[in-house]
Amino acid sequence: LARERGRFAAAAAHELKTPLASLRLHSEMLAEGLGDPRQKGVYAARVASESGRLGRVVSNMLDLARLERGAKIASPQPGDAGAAVERCVERLRPSLSDAGLEIDASIPDSLPSVSFDEDALCQILDNLLDNAEKYSRSQAERRAEIRVRAADDGVEILVSDTGPGIPSPVRRSLFRAFRRPKDDDAPAGLGLGLALARSLARAQGGELALADSHTAGACFVLTLPTAKSS
């Protein structure tokens, strides 16, 4: 247990230190008028991007603590998941674009009403797209595709990327907390994103799973249940 705590503390410190260093650098450049004056927008975008990354890490850690206490982590209500996905994607798009990830979203105009929590839905998408950005950095094409479609029991949201995909030995423990790839070249992280994303999906009465994909990259499918009529 002590070793696990030590590893978690080291991973958490690293995960927080990197965006903090970038935040300090770019905020000082803006405050002191350093660097290329024509790049102020780029510096400000990097501050916003790294702030979002910090917020994601903190949210994941707080949600882990809430899960361990048995606290409620989602309050689903009937609504239009397609519109919610579009709002979430447009909020995340600038920082992901700044990081080099292109996002294609396909959302039909008419979808059945489903039961979901928009904040929880956005956090799931945030974690999935963050993984897509991190694991596609070595790829020539860096793109994530989001498809929303009606299903027999509600709505499915598919998130796929152009990364290297997920090896078979890793898939069995993919949604377990603190499970990280043993590859030394893997991006830094706490191993919480997918575990919390699945917990958030289930807290809404839905499910998150790794979908079968015949193309390179990973594909996740989030299912949200049909809203019950009152």
- Task: Give a residue-ordered list of calculated ³J(HN,Hα) values for the range 143-155 (Karplus: 6.51 cos²θ - 1.76 cosθ + 1.60, θ = phi - 60°; whole Hz; x for Gly, Pro).
- Result: 8, 10, 10, 10, 10, 10, 8, 6, 10, 4, 10, x, 9
- Message: Going Cα to Cα from K228, which aspartates and glutamates come in below 12 Å? Please leave out same-chain ones fewer than 8 positions away.
- Response: D153
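Is the C-alpha gyration tensor of the range 62-111 telling us rounded, prolate or oblate? Criteria: a/c under 1.5 is rounded; beyond that, a/b larger than b/c is prolate, otherwise oblate. Can you show the working numbers first?
On the way: a/c = 4.04, a/b = 1.37, b/c = 2.95.
The shape class here is oblate.
Nearest-5 percent of antiparallel DSSP beta bridges in the range 56-206? Spell out each step's value before the answer.
Numbers: 11 of 16 bridges.
Bridges in the range 56-206 that DSSP calls antiparallel: roughly 70 percent.
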- Determine the share of the range 17-142's accessible area contributed by carbon and sulfur atoms, expressed in whole percent, with a 1.4 angstrom probe. 51 percent
- Using the heavy atoms of the protein chains alone and a 1.4 angstrom probe, what is the accessible area of the range 65-184 per residue in square angstrom? 55 Å²
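By its C-alpha gyration tensor, with a ≥ b ≥ c as the square roots of the eigenvalues, how is the range 37-184 shaped: rounded for a/c under 1.5, else prolate for a/b larger than b/c, else oblate? Kindly include the intermediate steps, with their values, before the conclusion.
Values: a/c = 1.32, a/b = 1.17, b/c = 1.13.
Here the range 37-184 falls in the rounded category.
The values are calculated or read from the model by the stated rules, or taken from the named source; none is laboratory data. None of the values given here were measured: they were computed from a predicted structure. Please note that ligands, DNA and RNA were not included when accessible areas were found on the heavy atoms of the full protein model with its side chains. Shrake-Rupley method; radii C 1.70, N 1.55, O 1.52, S 1.80 Å.
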